[in-house]
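The values are calculated or read from the model by the stated rules, or taken from the named source; none is laboratory data. Quantities reported herein were computed from a predicted structural model and do not represent experimental measurements. Here Cβ is always computed from backbone atoms with ideal geometry, including for glycine, and neighbour counts include all displayed protein chains. Surface accessibility is based on the protein's heavy atoms, side chains included, excluding ligands, DNA and RNA. Shrake-Rupley method; radii C 1.70, N 1.55, O 1.52, S 1.80 Å.
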Amino acid sequence: MSARLEGQAWLTDPATVAVFDALEAAGGRDCARFVGGCIRNALVGRPVDDIDIATRLRPEQSMAALQAAGIKVVPTGLAHGTVTAVSRHKPHEITTLRRDVETDGRRAVVAFTDDWAEDAGRRDFRLNALYADRTGAIFDPTGEGGADALTGRVVFVGDAATRIEEDYLRILRFFRFFAWYGRSAPDADGLAACAAHADGLSRLSAERVSKELMKLLAAPDPRPAVRAMGEAGVLARVVPGVVDPAAFETLVDLSDDPVLRLSALLPDDPGAGAATARALRLPRAVGTRLAAAAAGPLDPATDARALRALLYGAGRQAVRDRLIRGLALEPGARADASLALTDSWPVPRLPVGGRDLARLGIAPGPDTGRLLKAFEAGWIADDFPAEGHTDRLRALVEGSPARTG
């Protein structure tokens, strides 16, 4: 591909210029090039958030060159040739050109090289095997990476099965990149290789799997990728027990939240939501949210009184999630009033406590909790009245054998 990146502010950012100046002072002109996502995203007009650089310099040479230029450097992955330069508070990941010496489906042992084509040959997809010099001139060793990016093709570098056998996570990356960059149908050879090697996913850590899955679900429209995962037998290995793809399909238009999208794939069973979170090693807060959402979709027309009771018991996030899941089951329904109430109602705190009971003659002990629960149940049933708390509590106490005097 003979092309040049134009109008990219990150190419001339002083922080990035300083990094290239430092590397070239040690390795000469063209010892370093931009690589991967920053070029791909620039070609397709998407934001460039991360700056990755490939270099012929060995990691220790990169570190020495950066330090000599007064740039902070962190040895983030020396075994794989990666260091991170922090220039003007901006991170730049710098990796030595490399080739795989040994792979086991999860990790690779690498050897360093000075051959750009050899480095490109070990990358996952052609649209990620793009390089550009500091002026923006693009180098495309596979000959198809730039065209793939522009036309929305996600194609493995070389033989798809070989790339997958080097790291089975590339199965999920295939679907994740298709979700974000793909157009039309997935590459047939890549899809077939993913289906044939799906059992290799069991060799990966749950953390790596969940990271890819949540990135996929965060795509603007992950539905074609999730459909393809289902057809290839991959979805069931990653998210066991998927019961309602149709609800997921509708919900994507209602929310871009990957956690809520995941919940729509799961059965309406809080235990299943919690089990999925544990299996994927998701953060505890995400597991709690999945379990709460799995209590079931809420009718968008749920009356305000019932909604207030749910908000008090389950919390704002859980009620909002369940309302949106309910909308996904009723295309065309509206829940504006319910969602507005969910977002704005000031959830009250229980207006009485142990001290109030003590003043009414109840000694601290088990009866305190029993009476407070009874008060709370009646208070909720009466839609959280703001007054009359003392009279209500006194009536409960007068009917209790626990009163001390």
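Listed residues 92, 197; which is closer than 21 Å to residue 59 by Cβ and under 27 Å from the mean Cα position of the chain (by Cα)?
Numbers: 197 fails: closer than 21 Å to residue 59 by Cβ.
Matching residue, one of 92, 197: 92.
Does segment 156-176 contain at least one residue that is in contact (Cβ under 8 Å) with a residue 60 or more places away in the chain and open to solvent by 60 Å² or more (accessible area, probe 1.4 Å)?
yes
Can you confirm whether residue 216 is touching a residue at least 12 places away in the same chain (Cβ under 8 Å), in contact with a Pro (Cβ under 7 Å, 6 or more places away or on another chain) and crowded, with 22+ Cβ neighbours inside 10 Å?
Details: touching a residue at least 12 places away in the same chain (Cβ under 8 Å): yes; in contact with a Pro (Cβ under 7 Å, 6 or more places away or on another chain): yes; crowded, with 22+ Cβ neighbours inside 10 Å: yes.
So residue 216 passes the test.
Only one of these conditions is not met by residue 365: (1) more than 28 Å from residue 304 (Cα to Cα); (2) in contact with a Lys or Arg (Cβ under 7 Å, 6 or more places away or on another chain). Which number is it?
Evaluating residue 365 over (1) more than 28 Å from residue 304 (Cα to Cα); (2) in contact with a Lys or Arg (Cβ under 7 Å, 6 or more places away or on another chain) leaves (2) as the failure.
Can you pull out every residue in segment 365-394 that is β-branched (Val, Ile, Thr) and modelled with pLDDT under 95?
Taking segment 365-394 first, the residues β-branched (Val, Ile, Thr) are 368, 380, 390.
368, 390 - these are the residues of segment 365-394 that are β-branched (Val, Ile, Thr) and modelled with pLDDT under 95.
For segment 333-384, what are the residues that are within 18 Å of residue 301 (Cβ to Cβ), part of a helix (DSSP H, G or I) and aliphatic (A, V, I, L, M)?
If the condition is that a residue be within 18 Å of residue 301 (Cβ to Cβ), part of a helix (DSSP H, G or I) and aliphatic (A, V, I, L, M), then 337, 339, 340, 341 are the ones that fit.
Which residues, counting only those in segment 205-228, are of a type in the set (A, V, I, L, M, F, W, C) and under 21 Å from residue 290 (Cα atoms)? So that I can check it myself, show each step before the final result.
Just the residues of segment 205-228 that are of a type in the set (A, V, I, L, M, F, W, C), to begin with: 206, 209, 213-214, 216-219, 225-226, 228.
Residues satisfying the conditions are 206, 209, 213, 214, 216, 217, 218, 219, 226.
Considering only residues that are touching a helix residue (DSSP H, G or I) at 6+ places or on another chain (Cβ under 9 Å) and open to solvent by 60 Å² or more (accessible area, probe 1.4 Å), which ones fall in segment 382-398?
Step one: filter segment 382-398 for residues touching a helix residue (DSSP H, G or I) at 6+ places or on another chain (Cβ under 9 Å), giving 382-385, 389-390, 392-393, 396-397.
Residues satisfying the conditions are 382, 390, 392.
Can you confirm whether residue 202 is part of a helix (DSSP H, G or I), hydroxyl-bearing (Ser, Thr, Tyr) and under 27 Å from the mean Cα position of the chain (by Cα)? Talk me through it step by step, then tell me what you get.
Numbers: part of a helix (DSSP H, G or I): yes; hydroxyl-bearing (Ser, Thr, Tyr): yes; under 27 Å from the mean Cα position of the chain (by Cα): yes.
Yes; evaluated as a whole, the condition is true for this residue.
Quick one: in segment 329-380, which of the residues that are hydrophobic (A, V, I, L, M, F, W, C) and in contact with a strand residue (DSSP E or B) (Cβ under 8 Å, 6 or more places away or on another chain) is most open to solvent (accessible area, probe 1.4 Å)? Reasoning before the result, please.
Taking segment 329-380 as the starting set, the residues that turn out to be hydrophobic (A, V, I, L, M, F, W, C) are 329, 333, 335, 337, 339-341, 345, 347, 350, 352, 357-358, 360, 362-363, 371-372, 374-375, 377, 379-380.
Now narrow it down to the ones that are in contact with a strand residue (DSSP E or B) (Cβ under 8 Å, 6 or more places away or on another chain): 360, 362, 371.
Numbers: 360: 33, 362: 5, 371: 4 Å².
The residue in question is 360.
So, in segment 258-285, of the ones that are within 16 Å of residue 215 (Cβ to Cβ) and open to solvent by less than 40 Å² (accessible area, probe 1.4 Å), which residue ends up nearest to the chain's Cα centre (by Cα)?
To start, the set of residues in segment 258-285 that are within 16 Å of residue 215 (Cβ to Cβ) comprises 258-262, 265, 280-283.
Next, only the ones that are open to solvent by less than 40 Å² (accessible area, probe 1.4 Å) stay: 258-262, 265, 280, 282.
Numbers: 258: 7, 259: 8, 260: 11, 261: 11, 262: 11, 265: 16, 280: 12, 282: 10 Å.
Among those residues, the one meeting the criterion is 258.
Taking the criterion of being modelled with pLDDT under 95, among the hydrophobic types (A, V, I, L, M, F, W, C) and closer than 23 Å to residue 125 by Cα, would at least one residue in segment 2-23 satisfy it?
yes
Looking at this structure, is residue 227 assigned to a helix (DSSP H, G or I), charged (D, E, K, R), in contact with a Phe, Trp or Tyr (Cβ under 8 Å, 6 or more places away or on another chain) and more than 21 Å from residue 204 (Cα to Cα)?
On the way: assigned to a helix (DSSP H, G or I): yes; charged (D, E, K, R): yes; in contact with a Phe, Trp or Tyr (Cβ under 8 Å, 6 or more places away or on another chain): no; more than 21 Å from residue 204 (Cα to Cα): yes.
Judged against the criteria, residue 227 is not a match.
Based on what the data block shows, is residue 133 at pLDDT 90 or above and open to solvent by 50 Å² or more (accessible area, probe 1.4 Å)? Before the answer, list the steps.
Details: at pLDDT 90 or above: yes; open to solvent by 50 Å² or more (accessible area, probe 1.4 Å): no.
Spelling it out, it is not the case that residue 133 is at pLDDT 90 or above and open to solvent by 50 Å² or more (accessible area, probe 1.4 Å).
Give the residue, chosen from 44, 35, that is in contact (Cβ under 8 Å) with a residue 12 or more places away in the chain, among the β-branched types (Val, Ile, Thr) and open to solvent by 40 Å² or more (accessible area, probe 1.4 Å). Working first, answer last.
Numbers: 35 fails: open to solvent by 40 Å² or more (accessible area, probe 1.4 Å).
Answer to the selection: 44.
If I ask for residues that are open to solvent by 80 Å² or more (accessible area, probe 1.4 Å) and out of contact with any helix residue (DSSP H, G or I) (no Cβ under 6 Å at 6 or more places or on another chain), which ones from segment 80-91 would you list? Before the answer, list the steps.
Step one: of segment 80-91, the residues open to solvent by 80 Å² or more (accessible area, probe 1.4 Å) are 88-91.
Scanning segment 80-91 gives 89, 91.
What residue, among those in segment 287-300 that are open to solvent by 30 Å² or more (accessible area, probe 1.4 Å) and not polar (S, T, N, Q), is nearest to the chain's Cα centre (by Cα)? Outline the logic, then answer.
Filtering segment 287-300 for residues open to solvent by 30 Å² or more (accessible area, probe 1.4 Å) gives 288-289, 292, 295, 297, 299.
With the extra rule that they be not polar (S, T, N, Q), the set shrinks to 289, 292, 295, 297, 299.
On the way: 289: 15, 292: 19, 295: 23, 297: 23, 299: 28 Å.
Here the residue is 289.
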